[in-house]
Amino acid sequence: MYISKVSLINYRNFANANFNFKKGINTIIGENGSGKTNVFKAVRLLLEDASLQYAYKLTEGDFNRTLDKNKWKGHWIIISIEFDELNDEEAIQSLFIHGAGIAEEDYVKKATYNLFFRPKADIRQKLSELAKGDTAGLQTLLDEINIQDNYETFFTGKSIADFNDPAVYKELVGDFENVIFPPTIDASKFGSKIPHQMSVAKEISFTFIQALRDVVSDFHNNRTNPLFTLLKNKSGEIKEADYKPISDLVNDLNESIEALPDVQNIRDDIKSTIQDAVGLTYSPSSLSIKSSVPDEAEKLLQSLKLFIGEPGEEYEGGIHELSLGGANLIFLTLKLLEFKYQKSKDTFANFLIIEEPEAHIHNHIQKALFDKLDYGDTQIIYSTHSTQISEVSNVENINILAKKLNYAEVYQPSTGLGPENINQIQRYLDAVRTNLLFAKGVILVEGDAEEILIPTMVKKAFGVSLDELGISLINIRSTGFENVAQLFHNDRIQRKCAILTDLDDAICDTTEVVGDSDALKKYKKKVAGSKQKGLARKVKLDAFEVGNIWVKAFYAKHTFEVDFITEGNELEVKKIINQVYVDQDTRDTAKADIEDADVSIYGKRVLTMAKQEGKGWFAIMLGKHISYKTILPSYIIDAIFFAKETSPNTIADIIDYRIKKNFGDDNKLDFTSCKVELLKYRNGETTLGDLAFDFDLVIPDDQILTLIDKLK
């Protein structure tokens with residue numbers, strides 16, 4: 001038995017979300033604040049016995065923020081968990097047939113368990129009695145609702161409805177826009193009531209390991225100390241006969257301590273001092289000093305402490321002396337052991353939930369630990385924003401959270417893909433360590449030059465990094481973009497993916513003429529062949545894009561290096577000629593070639609230089625000379641702003657950066673009017689078109705005008 005689906009409606013930062021899970025190990029990944037903790041809280045409300053009480057204490061703050069300012073009134077919070085592969089044991093079948101099961105054959109194979117936080121029956125009745133379209137009556141009724149008096153928590157099972165379907169929500173809860181509310185609820189569709197005493201939480205093994213924050217403090221607190229929890233569980237298993245010799249020794253020790261002469265002298269002195277102070281009448285009738293070393297097993301075990309030696313060290317110290325990573329690793333280990341003890345009991349299923357386990361743990365330990373974390377008969381779900389942990393996760397078992405305004409979306413990256421496609425993605429994620437799945441937008445490039453130079457060019461030209469824009473630039477190291485780009489789709493990850501590649505258009509006339517040398521003929525054939533490959537690549541990518549709004553290819557007309565010069569960046573290339581060539585005559589020829597206006601000449605030269613040094617090393621050399629004056633090729637700008645939409649404030653920051661850089665070179669430039677318009681733009685009082693007019697008067701040749709023109 002395992003959790004196959006969790007649906008969340010109007011709960012915290014989930015307006016309408018569903019998580020799909022598989023048997024074995026599952027991963028939830030997402031940035032801070034995307035809702036990883038909240039989905040675990042939702043699951044715990046239904047499956048963790050200790051959290052069941054909180055299911056009855058939900059408040060208006062638990063409603064999704066799209067329903068703020070009293071818009072939550074009348075709406076429901078729905079948390080639904082679907083189980084799959086229930087076995088045919090009589091005990092589990094009895095629970096689910098009478099409670100949560102969906103009986104299709106001789107025994108239940110699937111089951112649902114739902115939590116509804118909803119208006120009480122009297123409010124639901126009044127809503128159903130409203131006339132269709134009576135918005136005024138609806139508002140009057142909603143205004144009277146408060147969470148303490150008018151809401152209840154209700155558990156159901158055996159539902160067959162898809163709660164994530166907006167039409168189903170309207171059928172169950174009501175249509176607020178048109179004021180249509182159901183008089184009754186179809187229990188056969190939405191589930192019948194589960195009595196409290198039949199809670200699923202009582203029948204399963206469920207362990208939650210919270211995010212590792214300050215484990216040293218947890219070790220000092222008996223309530224949270226995982227070592228004490230383990231010892232406490234074991235103390236009940238100690239036989240009285242085995243423990244009696246220890247108990248006798250403790251009692252003897254207490255008596256010996258109490259009998260010490262100094263202890264008795266202090267007792268007598270306390271007694272006489274009281275009598276001298278208040279007299280015999282008001283003095284205590286008796287007074288003793290007793291040793292309180294506990295003789296009960298549970299209390300005595302509390303005195304046990306864990307001592308650990310760091311790897312490669314002989315010294316053994318307390319938890320507080322360990323590094324943060326060492327302490328966290330020990331804490332996690334003890335919690336895992338606690339889970340092992342718990343799951344050894346007779347339960348229907350075992351669930352282990354781990355929240356962000358990567359804190360302060362070395363990358364290699366992260367990967368090794370969670371590559372081995374597999375108990376076979378246990379479903380494990382952990383959340384993370386560690387690329388190290390996500391890299392050892394099966395792509396079919398990943399849920400990705402995307403943070404939006406007041407809500408979060410959930411994506412499953414393998415939805416709709418066949419085994420071969422999933423295999424392609426999995427091999428890539430295993431082979432190339434990236435933060436591909438965490439980005440807000442993605443740019444795929446084919447080689448080292450783009451990977452090295454584009455981030456530098458963006459930072460120098462615009463004053464912001466790709467990381468600040470939320471864009472991950474991924475080097476595919478080939479032109480097989482489709483293997484990775486297929487992740488980005490309406491059914492999978494709904495994030496923009498820009499593909500940057502070369503058309504490899506011919507930089508010279510490839511027609512062979514009489515008199516061409518063998519070397520020239522070979523060169524023309526190579527250029528013509530590259531052009532044909534470029535055209536074929538575009539046809540293939542054009543077909544791949546059809547019907548997919550999340551993926552788009554952007555092309556250099558020739559190649560990245562050639563288009564870099566075409567944009568007007570010959571100065572940067574000339575600065576590295578002396579590093580590439582030793583001979584002065586060759587240097588002079590190379591300089592003249594780069595300065596030539598004919599692409600057949602400067603194009604051939606820059607490609608020769610890149611080939612000689614290696615494209616990666618050539619890019620590193622070139623990167624040292626990139627400045628704010630370096631012009632980004634137009635197709636790269638298009639790719640950046642396709643991959644991630646930018647806010648007006650980000651655009652304003654880029655423009656402000658260009659003002660400062662230009663003024664730093666020429667303090668005679670008057671940007672007064674530009675700054676006034678820029679402030680208006682930040683405040684939403686003017687447009688980019690108005691900004692362009694002012695900048696065109698001050699710096700008409702600056703590339704910021706190209707950027708504004710693309711965005712306005």
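The table for this structure:
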quantity	calculated
Filtered residue count, the stretch 1-60, keeping only those that are part of a strand (DSSP E or B), among the β-branched types (V, I, T) and under 16 Å from F116 (Cβ atoms)	2
Residue under evaluation I631, criteria (1) in contact (Cβ under 8 Å) with a residue 60 or more places away in the chain; (2) crowded, with 21+ Cβ neighbours inside 10 Å; (3) closer than 28 Å to K440 by Cα, criterion not met	(2)
The stretch 61-89: number of residues that are in a strand (DSSP E or B) and in contact with a His (Cβ under 8 Å, 6 or more places away or on another chain)	1
Total residues in the stretch 430-489, condition in contact (Cβ under 8 Å) with a residue 40 or more places away in the chain, β-branched (V, I, T) and in contact with a strand residue (DSSP E or B) (Cβ under 7 Å, 6 or more places away or on another chain)	9
Failed item in (1) in a loop (DSSP other than H, G, I, E, B); (2) hydroxyl-bearing (S, T, Y); (3) surrounded by 21 or more Cβ atoms within 10 Å (Cβ to Cβ), with S472 passing the rest	(1)
Matching residues, the stretch 493-506, being under 17 Å from L437 (Cβ atoms) and either in contact with a helix residue (DSSP H, G or I) (Cβ under 8 Å, 6 or more places away or on another chain) or crowded, with 19+ Cβ neighbours inside 10 Å (or both)	I493, R495, K496, C497, A498
From K522, K533, residue being in contact (Cβ under 8 Å) with a residue 12 or more places away in the chain, in a helix (DSSP H, G or I) and not hydroxyl-bearing (S, T, Y)	K533
Out of K604, K611, sole residue that is of a type outside the set (A, V, I, L, M, F, W, C) and either touching a residue at least 40 places away in the same chain (Cβ under 8 Å) or within 29 Å of K661 (Cβ to Cβ) (or both)	K604
All positions within the stretch 475-490 that are of a type outside the set (D, E) and either surrounded by 22 or more Cβ atoms within 10 Å (Cβ to Cβ) or within 25 Å of the chain's Cα centre (by Cα) (or both)	N475, I476, F481, N483, V484, A485, Q486, L487, F488, H489, N490
Qualifying residue in the stretch 661-674 (condition: in contact with a helix residue (DSSP H, G or I) (Cβ under 9 Å, 6 or more places away or on another chain), over 24 Å from L697 (Cβ atoms) and among the aromatic types (F, W, Y))	no
Unmet requirement for L688, which otherwise passes all of (1) hydrophobic (A, V, I, L, M, F, W, C); (2) over 30 Å from Q494 (Cα atoms); (3) not assigned by TED's automatic domain parsing to the domain that holds E545	(2)
Where K440 falls short, out of the listed (1) in contact with a Gly (Cβ under 7 Å, 6 or more places away or on another chain); (2) buried (at least 22 other Cβ atoms within 10 Å of the Cβ)	(2)
Residue pairs meeting the criteria (Cβ under 6 Å; at least 6 apart or on separate chains; first under 19 Å from F348 (Cα atoms), in the stretch 69-89; second basic (K, R))	E82/K5; D84/K110; L86/K109
Output for the stretch 645-670, where each listed residue is of a type in the set (V, I, T), in a helix (DSSP H, G or I) and in contact (Cβ under 8 Å) with a residue 24 or more places away in the chain	T650, I651, I654, I655
Count of residues meeting criterion [under 23 Å from Y523 (Cβ atoms) and either of a type outside the set (V, I, T) or over 33 Å from the mean Cα position of the chain (by Cα) (or both)] in the stretch 493-509	8
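To keep it simple, each residue is scored yes or no on (1) at pLDDT below 80; (2) assigned to a strand (DSSP E or B); (3) among the basic types (K, R).
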site	(1), (2), (3)
A91	yes, no, no
I97	yes, no, no
Y107	yes, no, no
Y113	no, yes, no
D122	no, no, no
L127	no, no, no
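Here's the yes/no breakdown for (1) of a type in the set (S, T, Y); (2) at pLDDT below 85:
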site: Q379; (1), (2): no, no
site: Y382; (1), (2): yes, no
site: I398; (1), (2): no, no
site: E409; (1), (2): no, no
site: T434; (1), (2): yes, yes
site: L453; (1), (2): no, no
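The values are calculated or read from the model by the stated rules, or taken from the named source; none is laboratory data. Remember, predicted model here, so these are calculated numbers, not experimental data. Because the Cβ atoms are built from the backbone with ideal geometry, glycine has one as well, and the counts that use them run over all protein chains shown.
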